[in-house]
Structures are given as structure tokens and as C-alpha cells.
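**Student:** I have a structure here, written as C-alpha cells, and I will follow up with some questions on it.
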Amino acid sequence: MAVEESEPVIPELEREENLIAAAKHIVKALGSNKNLTNDAKKVLADLGTKLSSMSIPSEMEEGKEGEEEEEEEEEGAVNATEDRFNVIREKIMRWEEDQSMIWDLGPEEASEYLNAANEARRLIEKLESFNLSKDDQEYKLLQRAYSVLQTAMARLEEEFRNLLIQNRQPFEPEYVSFRSSEEDPVDENSIVSLGDESVEESLQRDSVSRAAEEHIIDLVHPGVIPDLRCIANLLFASNYVQECSHAYTIVRRDALDECLFILEMESERWLSDQIFGEGEPVSIACFVDASKASILQLLNFGEAMSIGPHKPEKLFRILDMYEVLADLMPDLDSLYLDDVGSSVRIECHEVLKRLGDCVRVTFIEFENAIAANASTTPFIGGGIHPLTRYVMNYLRTLTDYSESLNLLLKDREEEDAISLSPDMSPGTEEDSKSPGSPSGVSSMTLHFRSVASVLECNLEEKSLLYKEVPLQHLFLMNNRHYMAEKVKGSELRLIYGDEWIRKRNWKFQQHAMKYERASWSSILNLLKDEGIHVPGTTSISKTLLRERLRSFYLGFEDVYRIQTAWLIPDVQLREDLRISISLKVIQAYRTFVGRHNSHLSDKHIKYTADDLENYLLDFFEGSQKYLQNPHRR
């Protein structure tokens, strides 16, 4: 599914010139006809005159217009780029509200999404080439484009994983094909007739030609390979190589287990028993010698993985290797039960133990990496920080290894429960262990909750990078809400539990309330009657009243200018906060103006309540705007 390129467009001026020239030519040709009536000649003459009066801009005029356009071009370029971005953003973000898989809905939807994601990538490349400073308007647009591309890449990774899962084919003979390494592939729909060739000749020919053929196993339906390649190419082009590779590795792990099960060593043991006699020492020795090299090669690979750097991104591959080897251990123990095979059996257990140790150490390194992740500049717009997305998606993927992780992390359960308690924030200790004993929850639950607590501490530190207190709370609201939703909508819910989710919901709601107080309290105070009376009387001072209203408008315009650039990615959360603001601010404004309507004329009312309510719809979209024209948006 190729990503579309835009086609060249014929300039409007060129089309007008061609049309007028063609019309003049037709009039001239008809006018040369001697058989025309006088009326017809008069009509043609009038038409010719009108066509001649239709002037095309002269070179001088075009030059002047060019100068004017050049002056406006720089100003218009930013607007054009932002318009282009908004179109791209709309095509990508509308799928965040839809739980459907895009590729399940057909090629048109899939192609449109791929094109939009690719356009976002190209826009970022263009903006990056400008060497922008943080004060440039395009720099803010670049940061928003990063966020949109990140959303698109996460969605494409999910689509990639779903295509692999839904189109998986089992390892069976019917999915094995033979292809010659010397000849072109034969059309699968063609019918090959042997004609007069005898069966013996056919078998002889096959025995010779198969030497030049390779077995091709279609473990995924061939029809989706082009789609998978398109997604992979776009992920790679957008520097999401690791995420794409990881998605592939996780999905194909089950296929690897199946292949190893089918191709396991039991058939080799059966063969040696058939030839040398079941249970005979020579049969056992031959089997061990024949299979030892293959087994040790597998073990060497596992050992190499266990002694490498303990990087968090390697944890999934180590767990894959651990689980494959752990699943094979009962069979390996039974196959190498005798003394002659004890060395192989012991080596298998040693490698399995080292892989398990590596899993534990790598998980702790993952937690340490979160704690050490420092930032010097705030994340623009106060949206969901990339660290939050990375950690929660990482934990979600680890749920596929719940059984192994519970076993491997068990040794550290009590130690971690004790060490985490002193510096936990209120409520976290209760999250991490049941009353009286850390044994009330699984080791995986304990460690996962610990990771979430470390992440929350890191986000608290990152929030302090914002100078605006309301933005600090908006940032924490966004990220804690994302964490809660990620847990609630995945297998993580079984690990964290509903109580953990309720506490995070309460926390992000507290941040929403604190944001409202920090942003709107001073503005709402302007809509109170205190201080607008004539001193010593109960009469309203029109001057003070009008000054108070002007101050309110200035305050609202300032908040509008600042907070339209802030971002709440979650649609429902964004809408809920707008409604909450409207209930407080718009209602207070409506009441204030209505109460003092007799003291205010139309010229003093800069915005109606409906105007202000409509302006609130621009808040938290990540696109800065200004209020310059009253009653117009």
C-alpha cells in the first residue's frame, strides 16, 4: 500500500489564458464564413470586442503583484504550514476516539492513515531543516507535530501487531511450499501435467530438483505482507525501528515456541532407539553426541544474552529466551536423564538460572532508569510526556510474561516492600502492600506499583519546570489520567487493582481543581460586587463597574492567548474540563452582566456569554490563538 504523492496543479492564470485564446480563435474562424447572416456577424463582432477587453495582467502588473505577494509570502507560509498540519492532525487524531482497527475497515482507511502519518513525518523533516529557535512560532508547531507523529506511530505499532496476530498461520505441511533457487517461482494457480512421463521418472526428477529447492513456510498469510512492509517502512523512516522490531518479536514468540515444539529432539531420540535399540547405552550415547552440538548452540545464545548489558529494551528478548528454555526443560530432562547426558542437562539448568538472574537485574535497571530520567526543559503544552507513554506501554507488554515475572521477582518482594515504604507519597504504601504484610500481593504487583510510584515522582519533578502553576497541574492531570486509563483498559488492571485506579482518578481530579483555582480565581473575583459601590453609599459606581468589566475582558483574553497553546490529548478529559470552566466562569459572567445591565450599554459589552463559551472550545488544542475581533471567531 504505497504512500501517495501530491500531483502538480495547473495554475489558475494559465487556464484563463488558454480559455480566452481558444474563444478568440473560434470567433475568428466563424467570422471568415461568408454565408453568415448580418445578425450572426453582429453577434460575433460583439463577442470579439468583449474578448479583447478581457485583459490578462501585463508583465509589469504581474511584477507589482509579485512584489506584493513576496511581502505576504513569508507571513502566509507559517499559516499555510499550520493549516497543513491541522489537516494531518485531524486525520490522525480522529482514530484515537475509535477503538476499531484501521486495517479491518478496508484499504482506503488504511491508505489514508498511512499517508497522513507520512505527511506528519515529512512536515517534521521540513521544520527541522529550518534550525528553529524556541522563540519561533514554527518551533511550537514542530513540537505539536512531534506529538501527533508519536500518536500515529503508536497506532501503527498496534495495527502492525494486530495484523501479525490475526493473519498467523500454523506450522503445518499445507503451509509449506517448495521454491527453486535456480528458476523463477511457478504461478500457484497453474496446473502442471506430467503427460506421458512415468511415475518413476517423475520421482527421479523430483529427487534431483529438490536439492536446488528451499522450503518456504508461510507463517503469516502472504496477502498481508505488503501491508506489514508498508507499516514497517514508515516506522523505520520515522526512527521507530526499536518499537517495530519489538512488536514483531513479541508476536512471533508464540510461533517460535510452536516451531520448537514440533521440531523438538524427541524425533531424533526415537530414531536412535529404532536403529540401536530402545534404552541401549549405544543408542543413548549416539543420541547425546548427535544432538549435543545443537543444544549447546541454543544454550550459548541464551548465555550470551544473559551476560550482555542489562538494558531495559533487552528485557523482552531475555524473557522470551527464558520462557522458551523453561518450557523445554521437562523434555530436556527426560531426554538427557541418563548419566551420559547429565552434562547437557546441568548446562541447561545453569543457563536458565542465569537468564532468570538477568531478568531480575534488567527489571531493576528499568526502574532505576525511570528515576534517573531528568529533563532541563518542560514538555511543551503540558501534554502526556514521552516517558509516561514509554513506561506504561512497557509495563503493559510485560503482562504477557506474568507467570515468569511473578516467579523471578519473588526473591526481591519483601526487600523491595520494606525499602520503598519510607519515601512513598501518601497512599502509595497502601497501594504497594496489603495491611500487615507485603505477602498479600504478588511480587509482580509489588514491583509494578513501585515502578508507577517512581514514574509519578519523576513527573512531579518535571512539572516544576513549568513557570505557570496552572500548567504544572495540567501536566500532572494529563499524565496521571493517562496512567489510570492505561491500567483500566488493559491487563494491567488485574495487577494494579481497582483501588489503585480510583486513587489515580482522585489525584488527577485534584489537579484539575487546582488548575481551575490557579487560572480563574483572580478573574472570577472581578465578577463580584465587592468594591464597585460609591464610597459611603450602596449605589453602584458606573466607572468602577466598567473598569471591573474591562479588567475581566483583559484577563480572559490573556488566559485565552496562553491556554489555547496548552494541550489535553484525551478528548473526554478536555471536554469535561471545558464544561467545568464554563459552569464557573461563563455563568458568573452572565449573572454579573445581567445584574448590572441597567448600568452598562452595548458599547461596554465586548463579548456576550455565548461568545465566551465558544472561545472556550479553542482551549487545550495545542494551537495558540489570540482574541482581536469581538463577536468574531
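The values are calculated or read from the model by the stated rules, or taken from the named source; none is laboratory data. All values derive from a computational prediction rather than experimental measurement. Note that we place each Cβ from the backbone using ideal geometry, even for glycine, and neighbour counts take in every protein chain shown. Ligands, DNA and RNA are stripped out before the accessible areas are found, and what is left, the full protein with its side chains, is counted by its heavy atoms. Shrake-Rupley method; radii C 1.70, N 1.55, O 1.52, S 1.80 Å.
**Student:** In segment 353-370, which residues are open to solvent by 30 Å² or more (accessible area, probe 1.4 Å) and either basic (Lys, Arg) or in contact with a Leu (Cβ under 9 Å, 6 or more places away or on another chain) (or both)?
**Tutor:** Lys353, Arg354, Asp357, Arg360, Glu365
**Student:** Now a separate question. Inside segment 140-163, can you point out the residues that are within 15 Å of Met101 (Cβ to Cβ) and either basic (Lys, Arg) or within 10 Å of the chain's Cα centre (by Cα) (or both)?
**Tutor:** If the condition is that a residue be within 15 Å of Met101 (Cβ to Cβ) and either basic (Lys, Arg) or within 10 Å of the chain's Cα centre (by Cα) (or both), then Ala152, Ala154, Arg155, Leu156, Glu157, Glu158, Arg161 are the ones that fit.
**Student:** As an exercise: evaluate Arg578 against (1) over 29 Å from the mean Cα position of the chain (by Cα); (2) modelled with pLDDT of 90 or more and give the number of the one condition it does not meet.
**Tutor:** (1)
**Student:** Quick check on my filter: what residues within segment 522-539 are within 26 Å of Val559 (Cβ to Cβ) and either hydrophobic (A, V, I, L, M, F, W, C) or at pLDDT 80 or above (or both)?
**Tutor:** Ser522, Ile523, Leu524, Asn525, Leu526, Leu527, Lys528, Ile532
**Student:** Right, another one. Check Ile540 against each of (1) under 30 Å from Val148 (Cβ atoms); (2) touching a strand residue (DSSP E or B) at 6+ places or on another chain (Cβ under 7 Å) and name the one condition it does not meet.
**Tutor:** (1)
**Student:** Could you give me the residue pairs with C-beta distances under 6 Å whose first residue belongs to segment 321-343 and is over 18 Å from Leu408 (Cβ atoms), whose second residue is assigned to a loop (DSSP other than H, G, I, E, B) and not acidic (Asp, Glu) wherever it lies, and which are 6+ apart or on separate chains?
**Tutor:** From segment 321-343, the pairs are Leu335/Met265.
**Student:** Right, here's the next one. Within the set of pairs 6 or more residues apart or between chains, which connect a residue that is in a loop (DSSP other than H, G, I, E, B) inside segment 119-138 to a residue that is hydrophobic (A, V, I, L, M, F, W, C) and open to solvent by less than 90 Å² (accessible area, probe 1.4 Å) with Cβ atoms less than 8 Å apart?
**Tutor:** Leu132/Leu142
**Student:** Now for a different question. Could you list, in sequence order, all residues of segment 588-610 that are of a type in the set (Val, Ile, Thr) and open to solvent by 50 Å² or more (accessible area, probe 1.4 Å)?
**Tutor:** Scanning segment 588-610 gives Thr591, Thr608.
**Student:** If you don't mind, there's one more thing I want to ask. Look at segment 372-419 and say how many of its residues are small (Gly, Ala, Ser), surrounded by 14 or more Cβ atoms within 10 Å (Cβ to Cβ) and modelled with pLDDT of 90 or more.
**Tutor:** 5
**Student:** Pick out the one residue from Cys358, Cys348 that is touching an Asp or Glu at 6+ places or on another chain (Cβ under 9 Å) and either of a type outside the set (Gly, Ala, Ser) or at pLDDT 90 or above (or both).
**Tutor:** Going through Cys358, Cys348 in turn, just one is touching an Asp or Glu at 6+ places or on another chain (Cβ under 9 Å) and either of a type outside the set (Gly, Ala, Ser) or at pLDDT 90 or above (or both): Cys348.
**Student:** Further question: In segment 542-560, what residues are among the aromatic types (Phe, Trp, Tyr) and touching a helix residue (DSSP H, G or I) at 6+ places or on another chain (Cβ under 8 Å)?
**Tutor:** Those that are among the aromatic types (Phe, Trp, Tyr) and touching a helix residue (DSSP H, G or I) at 6+ places or on another chain (Cβ under 8 Å): Phe552, Phe556, Tyr560.
**Student:** A further question on this structure: Scan (1) surrounded by fewer than 22 Cβ atoms within 10 Å (Cβ to Cβ); (2) at pLDDT below 95; (3) of a type outside the set (Val, Ile, Thr); (4) part of a helix (DSSP H, G or I) for the single condition Met444 breaks and write down its number.
**Tutor:** It fails just one condition, (1).
**Student:** Also, quick follow-up: Could you list all residues from segment 481-535 that are out of contact with any helix residue (DSSP H, G or I) (no Cβ under 9 Å at 6 or more places or on another chain) and closer than 18 Å to Val585 by Cα?
**Tutor:** Ser521, Asn525, Glu530
**Student:** So, of the residues in segment 101-155 that are aromatic (Phe, Trp, Tyr) and over 19 Å from Gly622 (Cβ atoms), which turns out to be most open to solvent (accessible area, probe 1.4 Å)?
**Tutor:** Only one residue tops the list, namely Phe130.
**Student:** Only one residue in Asp331, Asp327, Asp338 is open to solvent by 40 Å² or more (accessible area, probe 1.4 Å), in contact with a Pro (Cβ under 9 Å, 6 or more places away or on another chain), over 30 Å from Lys625 (Cα atoms) and at pLDDT below 90, so which one is that?
**Tutor:** Asp338
**Student:** Of the residues Arg205, Arg210, only one is assigned to a helix (DSSP H, G or I), at pLDDT below 55, surrounded by fewer than 18 Cβ atoms within 10 Å (Cβ to Cβ) and in contact with a Phe, Trp or Tyr (Cβ under 9 Å, 6 or more places away or on another chain); which?
**Tutor:** Arg210
**Student:** With respect to Lys486, determine if the residue is of a type in the set (Lys, Arg) and either at pLDDT 95 or above or in a loop (DSSP other than H, G, I, E, B) (or both).
**Tutor:** no
**Student:** Checking His481 against (1) at pLDDT 95 or above; (2) surrounded by fewer than 17 Cβ atoms within 10 Å (Cβ to Cβ), which test does it fail?
**Tutor:** (2)
Let's see how each residue does on (1) farther than 23 Å from Leu141 by Cβ; (2) more than 30 Å from the chain's Cα centre (by Cα):
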position	(1), (2)
Ile540	yes, yes
Leu545	yes, yes
Arg550	yes, yes
Asp558	no, yes
Ala565	no, no
Arg574	no, no
Leu583	yes, yes
Val593	yes, yes
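**Student:** Looking at (1) of a type in the set (D, E, K, R); (2) more than 30 Å from Thr564 (Cβ to Cβ); (3) in contact (Cβ under 8 Å) with a residue 24 or more places away in the chain, can you tell me which one Arg389 breaks?
**Tutor:** For Arg389, the failing item is (2).
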